Amino acid sequence: MFELSPTDLPRITAGALLRVACTGCRVYELRVAKLLPTKQPDNSTTQQPATQQPATQTPSNPYPSNPNPCQSSAGSTSPATDRDAILRGVRDGVAYGGPYHVEIYPADRCNIDCFFCSTAAIRGTDELPLSRIEELMAECKEAGTRSVRLAGGGEPLFHRKTKDMLRAIAKSGLPLENITTNAVLLRDEIASILLGENVCDEIIVSLNTGDAETYASMMQTPARNFERVVENVRKLIAERKRLKRGTPKVFLQFLVWKGNYTSIRRMYNLARELDVDAIIFNGLSFSNRNSR
Ligand code: SF4
């Protein structure tokens, strides 16, 4: 198991088994059990299960086609079939299916600077080129991927071509199961893409506190960004109601720590006023080094 960075993303393709874990502020770790080689694989030495069809290659895709026996039913959502394929994969050391759910870090960059950010230390300026995202969607469809998430790394909506990226995902027909964002840039045009029919299931807004003052202190950004986020959420929900859509669901995320727990009531009132679908409370972990 090893971490996957944005520069590795071109290597996610058919056959990779993804495992996703979330931590504190929903900055995700993305790990893969099997990452395809960076060079064209030598099929003569590739481990193949006895029942597996020979891998095929095309000039446009140097990687072996997914040998997943479930693949003929791409889009099949049978939990039993998925479970069997995963279990056989664990046993054989080969990923037979998927990735069923793919999480993409579109950008390493972020427009704010939360003190608790777990990826700040590796913050860069990289982002996935739009063309690569489009290719990735095609590969995911071919692999039978069921849904896509956008998170980071950095702030997904801070990608230089956010609108094109979201349109490309929408056009692919792959459901955007979740986008986790600080929502500073969740403006009308972006919201209208996400409000498209069957485009996006849920948006987690990393607001983290119920007032502008602690927001500015936690997120290390001007307090006016709190009002921006609140306004963006308010407008998105109003538009969702106008369209009579049930999605995207909107969740406010609150990262509880000693500096903001007193604003939980304000967060609750704000959430009721905005009519969001839920508040997600996360806690900063505590480690007593003296007890070690
Ligand atoms: S919003 Fe940006 S700085 Fe804050 S936790 Fe997310 S990636 Fe890190």
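The values are calculated or read from the model by the stated rules, or taken from the named source; none is laboratory data. Small disclaimer: the values here were computed from a predicted structure and weren't measured. Note that we place each Cβ from the backbone using ideal geometry, even for glycine, and neighbour counts take in every protein chain shown.
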List, please: which pairs have Cβ atoms under 6 Å, are six or more places apart or on different chains, and start with a residue in segment 105-126 that is closer than 13 Å to residue 180 by Cβ and in contact (Cβ under 8 Å) with a residue 24 or more places away in the chain and end with one that is part of a loop (DSSP other than H, G, I, E, B) and more than 9 Å from the ligand (Cβ to nearest atom)?
-> 106/128; 106/159; 107/159
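Report yes if some residue within segment 232-247 is within 13 Å of the ligand (Cβ to nearest atom), under 22 Å from the mean Cα position of the chain (by Cα) and aliphatic (A, V, I, L, M); otherwise report no.
Taking segment 232-247 as the starting set, the residues that turn out to be within 13 Å of the ligand (Cβ to nearest atom) are none.
No, the conditions are met nowhere in segment 232-247.
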Among 284, 274, 252, which is surrounded by 12 or more Cβ atoms within 10 Å (Cβ to Cβ) and at pLDDT below 95?
-> 284
Can you name the number of the only condition in (1) modelled with pLDDT of 95 or more; (2) surrounded by 18 or more Cβ atoms within 10 Å (Cβ to Cβ); (3) assigned to a helix (DSSP H, G or I) that residue 203 fails?
-> (3)
Restricting segment 119-136 to residues that are in a helix (DSSP H, G or I) and surrounded by 22 or more Cβ atoms within 10 Å (Cβ to Cβ), the one nearest to the ligand (Cβ to nearest atom) turns out to be 133
Is one or more of the residues making up segment 131-143 of a type in the set (Gly, Ala, Ser), at pLDDT below 95 and within 19 Å of residue 208 (Cα to Cα)?
-> no
Scanning segment 96-118 for residues that are modelled with pLDDT under 90 and near the ligand (Cβ under 9 Å from one of its atoms) gives 118
Taking residue 192, is it surrounded by fewer than 21 Cβ atoms within 10 Å (Cβ to Cβ), among the small types (Gly, Ala, Ser) and either closer than 20 Å to residue 280 by Cβ or within 14 Å of the ligand (Cβ to nearest atom) (or both)?
-> no
Could you say which residue among 149, 224, 228 is modelled with pLDDT of 95 or more, within 24 Å of residue 240 (Cβ to Cβ) and more than 17 Å from the chain's Cα centre (by Cα)?
-> 228
Filtered residue count, segment 208-223, keeping only those that are in contact (Cβ under 8 Å) with a residue 60 or more places away in the chain, in a loop (DSSP other than H, G, I, E, B), closer than 15 Å to residue 262 by Cα and within 14 Å of the ligand (Cβ to nearest atom) | 1
Total residues in segment 167-183, condition out of contact with any strand residue (DSSP E or B) (no Cβ under 8 Å at 6 or more places or on another chain) and crowded, with 21+ Cβ neighbours inside 10 Å = 0
Answer yes if at least one residue in segment 166-179 is in the same structural domain as residue 124 (by TED's automatic domain parsing), out of contact with any Ser or Thr (no Cβ under 7 Å at 6 or more places or on another chain) and charged (D, E, K, R), and no otherwise.
-> yes
Among the residues of segment 241-287, which ones are assigned to a helix (DSSP H, G or I), among the hydrophobic types (A, V, I, L, M, F, W, C) and out of contact with any Lys or Arg (no Cβ under 6 Å at 6 or more places or on another chain)?
-> 264, 267, 270, 271
Kindly check whether there is at least one residue in segment 104-118 that is hydrophobic (A, V, I, L, M, F, W, C), part of a helix (DSSP H, G or I) and either within 14 Å of the chain's Cα centre (by Cα) or over 17 Å from residue 248 (Cα atoms) (or both).
-> no
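Given the criteria in contact (Cβ under 8 Å) with a residue 60 or more places away in the chain, hydrophobic (A, V, I, L, M, F, W, C) and away from the ligand (no atom under 16 Å from the Cβ), does residue 143 qualify? Outline the logic, then answer.
On the way: in contact (Cβ under 8 Å) with a residue 60 or more places away in the chain: yes; hydrophobic (A, V, I, L, M, F, W, C): yes; away from the ligand (no atom under 16 Å from the Cβ): yes.
Considered against the rule, which asks whether it is in contact (Cβ under 8 Å) with a residue 60 or more places away in the chain, hydrophobic (A, V, I, L, M, F, W, C) and away from the ligand (no atom under 16 Å from the Cβ), residue 143 comes out as yes.
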